[in-house]
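Here's the structure we're looking at; comments come further down.
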Amino acid sequence: MSLTKASYSLITGAPFNVLDYGADPTGVANSSTAFQVAINALVATGKSGRIDIPAGTYKMNSGITIDASVCTVVGYAALLDFSSFAASTGAAITITGASINYFGNPYFNGVNVIQGLKIQGPGQAVAGNTGVLFTGSGLLGSNDYAMRDCEVYEFASGIVMGDVSYHLLFDHCSVFLCSVAVEGQSFANAGARNVFHRCTIFNNDYGFVLQNASSGSTDITDCVIAGISLVCILIDGGHLSVTNSDFEPGGSHSALYRTLWVTNDVPGSYSYINWHGNQVSVKNATTVPIYGIDGSAILTITGGYLFANHASNGGVFGSVGTGTGTIATFNWSADFGANPQTSFASATIETYFHKSFTNSIDASATDVSFGLVEAYTSVVSRNGFYKNNNNSTSVTALATFTSISAGIATGLLVVRDGTSAGMGLFLCDPSVGVVVVANAVTGLTVSYSGSQLGYTLASGTTPRTLRWTMVQTSTV
């Protein structure tokens, strides 16, 4: 009795090979059917296994579906050529099947689902096509799988995390020449820590478009995101953690580069973003904010470096007026020339530039030791960074006392006269009053009224614009 190829592989434990099912590695004949037959044969065995794709170019006229709970697909310098796809053909590779579910999975594969493949599309301008789609239904979606050492290019969307896709790992993958490199579909039940590690995302219009308004969670670490024509990362709700990655926005769309853009397409969505140790280089001048906050967000930046072309004028942090939330930055370096630190237009965002602490050394100690540590607990400012903000307080009458709403204002107050120039620096403490360090603002005095700190202009009738920043301190 002769054995079928599937039975032989099942008995011997040998991988299934697409060549045994009629795939053509020369790129002449269509191999889509052979690929799907091989996958279906493995699924029919009732056991998980591996499908090998030997070196070569495989012409693919239609998409294939891989049940990841059964199949691991490994390529050996193999190129899958989906360049014949017409508009709106759909996904070249659809990943289904759950590694973990509540109904008892008979396979529990839970390993690399795709490895070592080059996946080519019809071009980023051919709409309605996706390179790799992770999806499912109900509770049975793609989860706990890894995609490694793959290239995906020339699709409208390179990699899409669709419904019920979570706990995915993308390791050492490249996505390029796509309209959107990586997409988290809106309203999909996708999230719960999808991780991109040591990936290269380059020469796309958008790097990441994450629209998971309810449960999305994405980690990007040790990645390079470069040559992005419009936005490196767009997020509309959910959680995002970006660490130790290099960003270089810039491409064919002149003056419209954003590193990060928080949108508000889904009302009520909130974005929580941790941005740590990243290097951002905006080499070409941009007229839009480098970090655009047009949706509800909490953005925390720690460490890292920002360089912005000095001809840029869209602001480092900016909003067109719909943004809301808080930006807190800690100990990071920046070179942005005359580019304004903030450019909010009627937004309700507050910006806090924190330093963790400053140290003083006790000279009487025999060893070098720390004395008092002054902790900057908050930076209160309705004007962001005082010298570059659009909001202001206009004083039109003589001797007008104006509260700056700093609560119990203790710390360092910086005031700038935006009308006739001049700055003032004041040390403020309700128990001792106001100590003038330097004051070049004509007619300005600063004093307390109760616990509220305010200022008075003693001369002049021309409306004056004063901008201020209050750094509140405490001794710990």
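The values are calculated or read from the model by the stated rules, or taken from the named source; none is laboratory data. As the structure is a computational prediction, the values presented were derived from the model and not from experiment. All Cβ positions, even for glycine, are placed from backbone atoms using ideal geometry, and neighbour counts span all protein chains on display. For the accessible areas, the whole protein counts, side chains as well, though only heavy atoms, and no ligand, DNA or RNA atoms are used. Shrake-Rupley method; radii C 1.70, N 1.55, O 1.52, S 1.80 Å.
List of remarks:
- Zone of Ser333's modelled label, taken as backbone nitrogen in the range 285-309 under 17 Å from a point 7 Å along Cα→Cβ: 302-309
- Per-residue SASA entry for Arg416, accessible area with 1.4 Å probe, Å² rounded to 10: 70 Å²
- Across the accessible surface of the range 291-338, with the other protein chains kept in place and a 1.4 Å probe, carbon and sulfur atoms take up 56 percent.
- Accessible-area value, Glu248, 1.4 Å probe, nucleic acids and ligands omitted, Å²: 70 Å²
- Computed FRET value (nearest 0.05) for Ser241 with Asp149, which takes r as the C-beta separation and R₀ as 25 Å: 0.60
- Protection proxy ranking of 81-92, 228-239, 297-308 - average other beta-carbon atoms within 10 Å, highest first: 228-239, 297-308, 81-92
- Separation of the Ala421 and Ser447 label points, Cα + 7 Å toward Cβ, nm: 3.0 nm
- Straightening the chain between Arg198 and Asn61 buys 46.2 nm, computed as 0.36 nm per residue apart minus the Cα-Cα spacing.
- Chain lengthening between Thr300 and Ser346 when straightened (0.36 nm per residue, less Cα-Cα): 14.4 nm
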